[in-house]
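A short worksheet on the structure shown next.
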Amino acid sequence: MASILKVDTLTGVTTAGSISVTGEGNSTTTNLQQGLAKAWVNYNHTAPSVRESFNVSSTTDVSAGIATISWSSNFSNATYSPVIMADADPSSHYAFPSTRATLSGANAVFTTSAHQFCTHNLGATVIDAFYITGQYLGDLA
Amino acid sequence: MASELRVNTLKDASGNNSIATSFVAGGSAKCWAITDNGAAAPDSLNLTNIVDNGTGDFTFNIATDFGSVNYSHPIVPADNDGGGGQDITVTSKAAGSIRIGTIRDDSNKFDNAHFLSVSMFGDLA
């Protein structure tokens, strides 16, 4: 029988932030909250502008090839997992993303409220990317 | 009290923003992890451990296996200590594990990567 649940918020009974979802094979479960992307963005660094996003409060054009994405709802820690792809304007050939803050920098900038990353070309020179798409998995505060 | 809710579609209280629960289950990451220059994973979901097979060569062991080897595994390219780019290669894959190599662009040799970020989407067993 088909069913529809109308609700604004889902909350676990035993633990508010933990709901199990039965997997596709019907024999295991996965955690709903932990498996959801907590933020995503389609960002044009050459403009710069955000084409579309979820849970992104702002972006900062730090300098050529370096950008910061800030969250509306922060993560609970700075160990979340980013998946980023980048593509340069066709006339500029290639762009590759890095999860580090700068191409030669020693430290990445992961904070609970923002992530700074850079994009570079084949020659290891930082360049603005035309398409930057990122998804972030981790625990919200 | 534990409870189980069986439902096909979720909507907000106004009856808008409908999403089938198949998208909730199918669209959720079933495993993800981040590691920095080694086998430790400071944060992860559904991960048993990461085995360090050698420089730039790591096996991610999944706690609850996928139903097949056909899951999707976006991996963010990372960088090395020299500041250059890294390439990613998947050297073997099973329902319960994936072995990943990280290779320096400038030398074509295996090298540990900073902030190797892995996520996996697919059907659980």
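Key figures for this structure:
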{"item": "Single residue of the stretch B:1-46 satisfying the filter (within 7 Å of chain A (Cβ to nearest Cβ), among the β-branched types (V, I, T) and within 18 Å of A:Q33 (Cβ to Cβ)) that is surrounded by the fewest Cβ atoms within 10 Å (Cβ to Cβ)", "result": "B:V7"}
{"item": "Residue ID - nearest to the other protein chains (Cβ to nearest Cβ), chosen from residues in the stretch B:53-72 that are in a strand (DSSP E or B) and loosely packed, with under 15 Cβ neighbours inside 10 Å", "result": "B:S72"}
{"item": "Matching residues, the stretch A:54-83, being out of contact with any Ser or Thr (no Cβ under 8 Å at 6 or more places or on another chain), hydroxyl-bearing (S, T, Y) and over 23 Å from A:H120 (Cβ atoms)", "result": "A:S73, A:T79"}
{"item": "Total residues in the stretch A:56-67, condition surrounded by fewer than 17 Cβ atoms within 10 Å (Cβ to Cβ) and modelled with pLDDT of 95 or more", "result": "4"}
{"item": "Residues (modelled with pLDDT of 90 or more and among the aromatic types (F, W, Y)) located in the stretch B:89-125", "result": "B:F121"}
{"item": "Count of the stretch A:1-36 residues which are of a type in the set (G, A, S) and more than 7 Å from chain B (Cβ to nearest Cβ)", "result": "5"}
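The values are calculated or read from the model by the stated rules, or taken from the named source; none is laboratory data. No experiment lies behind these values; they were computed from the predicted model shown. Note that we place each Cβ from the backbone using ideal geometry, even for glycine, and neighbour counts take in every protein chain shown.
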